[in-house]
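This report concerns only the one structure given below.
The values are calculated or read from the model by the stated rules, or taken from the named source; none is laboratory data. Quick caveat: nothing in here was measured; it's all calculated off a predicted structure. Neighbour counts are summed over all protein chains in view; Cβ atoms, including those assigned to glycine, are modelled from backbone coordinates with ideal geometry. Accessible surface areas use protein heavy atoms only, side chains included; no ligands, DNA or RNA. Shrake-Rupley method; radii C 1.70, N 1.55, O 1.52, S 1.80 Å.
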Amino acid sequence: MSGYTPSQICMHWLTQCFWNYLDWLDIIHYTVTCIVLGVDYQVYICVAILRHLQEGILSHMQTQDLVIFLKEEAINNFHIIDHIKYMEELEVKYRKMVLPDMMNISRP
């Protein structure tokens, strides 16, 4: 991804709590989803966003402005509520692996 890994873009979005990337209502949905369903939903939301942006990512890789696209543009037409079923499928498959890592992320 043009020298910018998926984990780096996700960390960028997460550290800003998606401010200026998602609409206010979706920022609230992100926060509530992670509180109610678990911290691992941060990962599932990022995967769902990357999946949503797939065509744009491929297009901007060709024009070599992918970093600008991912760091400076809003995430258009993405609504957490529309992708909750996909995130639940990710939870079923990956929670046993993702959640323990998320719970121990601050430990050395």
Q. Here are some conditions: (1) surrounded by fewer than 19 Cβ atoms within 10 Å (Cβ to Cβ); (2) touching a Phe, Trp or Tyr at 6+ places or on another chain (Cβ under 6 Å). THR33 meets all but one. Which one does it not meet?
A. (1)
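So which of TYR44, TYR21 ends up being surrounded by 12 or more Cβ atoms within 10 Å (Cβ to Cβ), touching a Leu at 6+ places or on another chain (Cβ under 9 Å) and within 18 Å of PRO6 (Cβ to Cβ)? I'd like the intermediate steps shown before the answer.
Numbers: TYR21 fails: touching a Leu at 6+ places or on another chain (Cβ under 9 Å).
None of the other options fit; the residue is TYR44.
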Q | Qualifying residue in region 56-74 (condition: β-branched (Val, Ile, Thr), open to solvent by less than 70 Å² (accessible area, probe 1.4 Å), without any contact (Cβ under 8 Å) to a residue 60 or more places away in the chain and over 13 Å from ASP40 (Cα atoms)) | A | yes
Q | Residue identified as modelled with pLDDT of 90 or more and in a helix (DSSP H, G or I) among ILE84, ILE75 | A | ILE84
Q | Every pair of residues 6+ apart whose Cβ atoms lie under 9 Å, when the first sits in region 22-49 and is of a type in the set (Val, Ile, Thr) while the second is open to solvent by 20 Å² or more (accessible area, probe 1.4 Å) and outside any helix (DSSP H, G or I) | A | ILE27/CYS17; ILE27/TRP19; THR31/CYS17; VAL39/ILE105
